[in-house]
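Read through the structure below, which is laid out as structure tokens, and then see the notes.
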Amino acid sequence: MAVEERHLDYYVIRSRVLFVPRKRPSAGLVRSNEPAILILTSLASGVKHGYALAKDIESFAGVTLGPGTLYGSITRLEERGLIEPKAGTDRRRPYGITAAGRAALASAVREMRNIADVGSARLGLVVPFTEHLGWA
């Protein structure tokens, strides 16, 4: 029996998984192509219904969200209080971004900007700030 216990101990030790927490934005928005970020970015320019959101996202991001992804993300954003339904005139249900949604999007954009700046610097692609503004 001692041999079996030692074998089991060895197996457990070799199979140990360490948990390493990762830093995430406070709003839980992670990637630039994440549907939540794309939807919030689209709604930052004004109220839209689902089809208009999909078309806008396709035009500015080149990403096509399927209906399941789009409406599933809309539901989760609404549950989190980041977007809210607005009164519509027909069967379409328009949505608008809330103050919490604007704050979450601003935080995600700042984080993405920081990552892009570090990546640009490491690749030697840094553009002087005045060039960015067209002052050069």
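Coordinate-derived values only; no laboratory data. Note that the coordinates shown come from a computational prediction; the quantities given were computed from them, not determined experimentally. Positions of Cβ are generated from backbone atoms using ideal geometry, with glycine treated the same way; all protein chains shown enter the neighbour counts.
Return the FRET efficiency for the residue pair VAL63, ASP117: r is the Cβ-Cβ distance, R0 is 35 Å, and the value is rounded to the nearest 0.05. It comes to 0.95.
Taking amide H as placed 1.01 Å from N in the peptide plane, the amide H of ILE83 sits under 5 Å from that of GLU78, THR98, each at least 5 places away or on another chain.
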